[in-house]
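J.: Pasting a structure here, questions to come.
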Amino acid sequence: MTDKKKKLLLVDGSSVAFRSFFGLPNLDGFRNKNGLHTNALYAFNNILERIFQTEEPTHLLVAFDSGKTTFRNALYGDYKGGRASMPSELSEQWPYFGVLVHAFGGKTYELVNYEADDIIGTYSRMADQAGYDVVIISGDKDMIQLTTDNIRVDITVKGVSELKSYTPDVIRGEYGIEPRQIIDMKGLMGDSSDNYPGVTKVGEKTALKLLTEYGSIENLYEHIDELKKSKMKENLINDKENAFMSKTLATIDLDSPVTLKLDELAVEGKQIDKLTDFYREMDFNGFLDKLGVASEDRSESFEDIHFEVLTEIRPEHFTDRMALYVEMLEDNYHDGKILAVSWGTDEKIYTASLETVLASVAFEEWAENVGAHKIVYDGKRTMVMLHYAGIALAGIDFDILLASYILNAKDNSKDLAQVAQEYGYNDVSFDEAIYGKGAKTAVPEDAILHDHLARKVKAIQALFAQLNAELESNVQKDLYYEMELPLSFVLAHMEIQGIKVEPQRLLTMKEEFAGRLLEIEKTIYAEAGEEFNINSPKQLGVILFEKMGLPAIKKTKTGYSTAVDVLEKLQAQAPIVEHILNYRQLAKLQSTYVEGLLKFIKPETGKIHTRYQQTLTQTGRLSSVDPNLQNIPIRMEEGRKIRQAFVPQQAGWKLFASDYSQIELRVLAHISGDEHLREAFLEGQDIHTSTAMRVFGIEKPEDVTANLRRQAKAVNFGVVYGISDYGLSQNLNITRKAAQEFIDRYFDKYPGVKQFMEDIVKEAKETGYVETLFHRRRYLPDIHNRNFNLRSFAERTAINSPIQGTAADIIKVAMVRMDKVLKEKGLQANMLLQVHDELIFECPEEEIPVLEKLVPEIMEHAVDLAVPLKVDSNSGDSWYDAK
DNA sequence: AATATCACG
DNA sequence: ACGTACGTGATATTG
């Protein structure tokens with residue numbers, strides 16, 4: 001029986017720490033709860049993890065440089081001179097690298113007067129002689145001088161994400177010299193980062209040529225007379241001293257006075273407790289979860305939680321004010337499976353299986369009782385889930401997720417533990433730790449599941465008061481209680497209601513499109529002279545710009561751009577271009593809308609049930625997913641026909657749609673108070689025509705040509721987006737200079753708008769955030785960024801968000817009121833969809849006249865602005881016809 | 001998992 | 001000089 005061969009892993013801690021820091025430059029993304037930067041520690045952990053797995057070392061030493069000066073400074077005062085000092089963001093992490101290594105069961109070492117290189121060199125030689133395999137990890141290429149048949153050196157490339165292995169053979173192959181000659185090479189070349197000189201004008205190539213011929217610096221200088229007269233020879237002679245000194249500096253000491261014995265470097269194995277403590281301190285939750293034992297281990301550190309698993313639910317299990325949590329793993333709650341339910345107060349928490357809940361009258365009575373107050377996490381989700389279980393949840397008083405989103409739209413994590421942690425509550429696990437992720441997702445045994453749910457309920461209880469108080473201090477209680485929370489109930493109803501879609505209409509289109517696609521495909525292949533994947537921008541680029549020689553107008557990160565604006569410019573040059581544009585358009589309709597929507601029609605009801613994301617956008621808008629019903633085609637007639645498939649749920653009913661006209665510009669007129677913009681709306685003028693008249697100095701509206709109106713419209717859009725000359729020039733296909741002139745003229749004519757833009761950016765810089773009319777906040781951390789791009793982006797965002805956000809607020813108010821009025825009036829009409837500035841209803845034909853009055857009434861008076869709001873309405877037998 | 005493209009307001 | 005319009009989601013390809 002033979003022992004496994006011993007393997008020593010030597011890590012240049014200082015150099016790998018530096019590489020870790022600069023390889024993961026996302027400083028803001030990696031900070032723990034105390035504000036400590038953790039990016040380098042995170043990357044360092046990754047590299048340790050990886051080399052442990054791939055190398056399986058029996059021994060480990062991580063060496064660090066010690067202090068500023070070493071014996072090399074005695075030799076050459078400027079050694080490593082001129083180096084920028086360590087950034088504070090890295091130095092604050094420095095003390096923790098050792099802690100991490102020790103938690104991994106490894107030793108660290110540093111030695112006064114010596115560099116990490118020398119420690120590593122010394123141990124590598126000791127181990128080599130003792131018959132170990134040795135692997136060295138460093139970011140410093142000088143280290144490859146240490147390679148032997150038993151010593152491999154891995155150098156980090158691209159941060160720390162990749163390692164390049166050096167062995168004597170690799171060095172011979174790459175440089176044509178032996179490892180021991182590396183120091184001669186460095187001696188001749190010098191090293192700019194370590195700041196030693198070498199020989200003037202001698203770089204890697206020359207050095208290698210000389211070494212292949214003469215073998216070493218010593219031998220070279222012995223034969224220096226044999227060299228032909230040249231500038232290089234002169235330099236060699238002049239810099240002889242430097243050459244020898246540099247060689248010495250490059251030479252790693254193999255006999256430094258280290259004190260640890262090889263045996264003492266044996267790996268002790270991961271110290272799970274230390275590692276857990278470390279990860280917890282750094283907030284490395286992903287690593288905690290990966291520890292495997294972590295969830296158990298973590299829950300040991302949790303405070304004990306007392307809860308009761310009920311098998312029979314009775315009225316005494318409920319009191320007035322309780323937290324409620326319903327668990328489901330699927331994102332899409334329209335067809336997921338409830339795993340279990342938990343509810344409780346500060347004193348008492350219960351959990352129960354779905355079966356138990358369904359078998360109980362008491363639960364349903366409590367859940368449906370508006371007077372029984374509930375605090376939840378993601379109320380809309382909870383309502384829809386329970387709806388499918390036959391329970392009409394009512395009485396939601398507070399929604400933790402919704403509140404955290406209002407307090408900071410960045411807090412839109414699905415995970416309760418994430419939100420809890422941000423508010424300093426840590427007694428609850430991340431879902432990933434309990435259920436795993438990806439293919440490994442699994443439901444744990446009941447004991448763990450119920451414990452997890454009980455902790456969630458406890459967290460919900462614990463967070464309520466704090467979040468509520470923060471809403472209060474931000475003056476956001478109205479926004480929350482009057483708008484967002486009631487809206488979440490309205491949205492739940494809309495999602496449950498769904499919209500009916502005729503599969504037959506889509507299937508007919510599918511067949512037609514398939515035929516036409518095939519035809520266009522054939523034409524394109526013929527014109528290209530070969531078959532290729534038209535859907536691949538890469539392959540298409542090769543055909544258009546290489547094979548056919550069309551001019552490449554724009555490039556992307558990965559190659560030629562083949563986007564519409566590019567293709568449109570090439571249209572005249574080759575007929576294939578137009579065919580590609582047609583193909584693209586049809587392929588998009590086919591895959592995303594025809595086939596895509598068909599997949600979402602519920603067979604039982606013939607309806608599509610989207611989900612609105614109420615806690616996602618940074619501006620306060622909703623978004624729609626699975627499927628997205630907010631981007632159904634309308635601009636092109638071809639695509640618009642998709643809307644013919646969207647119909648009322650029963651015969652004799654109609655679809656009814658109302659949309660705000662120019663709501664964002666009206667909002668701008670209000671919040672900027674600009675006199676001329678306000679006047680235009682008050683007088684009911686066509687806003688783009690009015691802008692054209694002012695900006696282009698035209699007297700009469702009838703003199704504004706279609707083209708001038710188009711340009712004015714682009715300027716108006718630009719204003720809302722936080723205009724820039726470049727953006728406008730791109731949009732209008734004009735020069736930057738011309739675009740700038742438009743902007744100057746606009747600001748000249750609308751000074752209130754200009755003032756607003758300046759003021760709002762100033763406000764953002766002072767407070768760090770901007771607000772809508774209803775106090776919805778958007779924080780702009782980049783507003784002070786030194787990076788021009790990031791700062792400019794933040795400035796444009798400061799302008800756009802209050803406008804887009806106020807418009808979003810307004811339609812939300814309208815939705816809440818609309819829902820209420822429909823109920824009060826006992827109408828059968830259902831609100832089905834929201835598309836940012838538009839609401840879509842279905843109703844019996846006879847209710848159409850009612851809606852025609854009622855909906856614009858509510859929408860136009862959702863808020864009182866300095867300009868009127870205007871709403872246009874239409875109805876028809878399909879969404880297509882409600883135009 | 002990232003990138004390019006394109007659908008909407 | 002810097003390099004861009006604001007806000008989203010779905011699909012297909014490719015590394």
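Every number here is computed from the coordinates shown, using simple stated rules; none is lab data. Since the model is a prediction, treat every value here as computed from it, not as a measurement. All Cβ positions, glycine included, derive from the backbone under ideal geometry; neighbour counts span all protein chains shown.
J.: For segment A:527-686, what percent of Cα pairs sit more than 23 Å apart?
T.: Across segment A:527-686, Cα pairs with separations above 23 Å total 62 percent.
J.: In segment A:428-507, with Lys and Arg counted as +1 and Asp and Glu as -1 at Cβ, which of these residues, A:I496, A:V457, A:Y435, has the Cα nearest the positive end of the dipole, that is, farthest along it?
T.: A:Y435
J.: Place the peptides A:259-269, A:788-798, A:803-813 in order of packing, highest mean first, counting for every residue the other Cβ atoms within 10 Å and averaging per peptide.
T.: A:803-813, A:788-798, A:259-269
J.: Among A:L487, A:A389, A:I553, whose Cα sits farthest toward the positive end of the charge dipole of chain A (+1 at Cβ of Lys/Arg, -1 at Cβ of Asp/Glu, about the Cα centre)?
T.: Of A:L487, A:A389, A:I553, it is A:I553.
J.: Please compare each pair in A:K588/A:K883; A:K500/A:K823; A:K201/A:K229; A:K374/A:K477; A:K588/A:K641; A:K374/A:K458 to a cut-off of 20 Å on the Cα-Cα distance and tell me which ones are over it. Please report the intermediate quantities before stating the final value.
T.: On the way: A:K588/A:K883 23 Å; A:K500/A:K823 22 Å; A:K201/A:K229 16 Å; A:K374/A:K477 18 Å; A:K588/A:K641 14 Å; A:K374/A:K458 13 Å.
Distance filter (> 20 Å) returns A:K588/A:K883; A:K500/A:K823.
J.: Further, regarding this structure: Can you tell me the Rg and Dmax of segment A:454-496, counting just the alpha carbons, in angstroms?
T.: Spelled out, the Cα radius of gyration and Dmax of segment A:454-496 are 13.0, 35 Å.
J.: For segment A:611-659, just list the percent of Cα-Cα distances falling in each 10 Å bin from zero outward, please.
T.: Here the calculated profile for segment A:611-659 is 20, 40, 34, 6, 0.
J.: Quick check on segment A:735-781: what are the equivalent-ellipsoid semi-axes from the Cα gyration tensor, as sqrt(5λ), descending, whole Å?
T.: 27, 12, 9
J.: Within 10 Å, count the other beta carbons around each residue, average over each peptide in A:43-50, A:510-517, and list them highest first. The partial results should precede the final answer.
T.: Details: A:43-50: 19.9, A:510-517: 14.2.
Packing proxy ranking, top to bottom: A:43-50, A:510-517.
J.: Using the structure shown, select from A:K555/A:K737; A:K713/A:K754; A:K410/A:K713 the pairs with a Cα to Cα distance greater than 27 angstrom. Each step should come with its number before you reach the end.
T.: Values: A:K555/A:K737 23 Å; A:K713/A:K754 17 Å; A:K410/A:K713 32 Å.
Long pairs (Cα-Cα over 27 Å): A:K410/A:K713.
J.: Can you tell me the Rg and the Dmax, both Å, for the Cα atoms in segment A:393-466?
T.: Rg then Dmax for segment A:393-466, in Å: 13.2, 38.
J.: Cα centroids of segment A:201-269 and segment A:838-854: how far apart, whole angstrom?
T.: 87
J.: I've got another one for you. Once R0 is set to 41 Å, what does the formula 1/(1 + (r/R0)^6) return for the Cβ-Cβ distance between A:R180 and A:N408, expressed as a FRET efficiency to the nearest 0.05?
T.: Step by step, r from the Cβ atoms, then E = 0.10.
J.: Follow-up. Over 16 Å apart: what share of the alpha carbon pairs of segment A:510-554 falls there, rounded to a whole percent?
T.: On the way: 422 of 990 pairs.
Of the Cα pairs, 43 percent sit more than 16 Å apart.
J.: Express in whole angstrom the spacing between the alpha-carbon centres of segment A:754-807 and segment A:682-753.
T.: Each part reduced to its Cα centre gives a spacing of 23 Å.
J.: Select from A:Y96, A:L260, A:Y750 the residue farthest towards the positive end of the dipole of chain A; place +1 on Cβ of Lys and Arg, -1 on Cβ of Asp and Glu, and compute about the Cα centre.
T.: Working it through, the farthest residue towards the positive pole turns out to be A:Y750.
J.: Roughly how many nanometres apart are two label points built 7 Å out from the Cα toward the Cβ at A:R745 and A:E568?
T.: Result for the modelled spin labels: 2.2 nm.
J.: How big, in percent, is the set of alpha carbon pairs in chain A lying more than 36 Å apart?
T.: That fraction is 65 percent.
J.: Next question, about the same structure. List the aspartates and glutamates whose alpha-carbon lies under 17 Å from that of A:K348, not counting same-chain residues fewer than 8 positions away?
T.: Qualifying aspartates and glutamates at Cα under 17 Å: A:E303, A:D304, A:E308, A:E312, A:E316, A:D320, A:D427, A:D451.
J.: Per DSSP H run of n ≥ 4, the term is -39500 (n - 2.57); total these for chain A, divide by its residue number, and report the mean residue ellipticity at 222 nm rounded to 500 deg cm²/dmol. Don't skip to the end; give the middle numbers.
T.: On the way: 37 runs with 411 residues, N = 883.
Computed mean residue ellipticity for chain A: -14000 deg cm²/dmol.
J.: How large is the Kirkwood hydrodynamic radius of segment A:367-521, counting all unique pairs of alpha carbons, in Å?
T.: On the way: mean 1/r = 0.0545 Å⁻¹.
Result for segment A:367-521 stands at 18.3 Å.
J.: How far is the Cα center of segment A:617-670 from the Cα center of segment A:425-477, in Å?
T.: 35
J.: Excluding residues fewer than 8 places away in the same chain, name every one of the aspartates and glutamates whose C-alpha is closer than 13 Å to that of A:K231.
T.: A:D239
J.: With only Lys, Arg, Asp and Glu charged, each at its Cβ (+1 for the first two, -1 for the last two), find how big the charge dipole of chain A is about the Cα centre; round to the nearest 20 debye.
T.: 2500
J.: Which of the peptides A:764-772, A:329-337, A:428-436 is most tightly packed, and how do the rest follow, judged by the mean count of other Cβ atoms within 10 Å per residue?
T.: A:428-436, A:764-772, A:329-337
J.: If you count the DSSP beta bridges with both ends in segment A:109-197, what percent of them are antiparallel, to the nearest 5?
T.: Values: 6 of 11 bridges.
Roughly 55 percent of the DSSP beta bridges within segment A:109-197 come out antiparallel.
J.: Using DSSP, restrict attention to beta bridges with both residues in chain A and report what percent are antiparallel, rounded to the nearest 5.
T.: In chain A, approximately 65 percent of DSSP beta bridges are antiparallel ones.
J.: If each of A:Q585 and A:E312 carries a label point 7 Å out from its Cα toward its Cβ, how far apart are those two points in nm?
T.: 6.9
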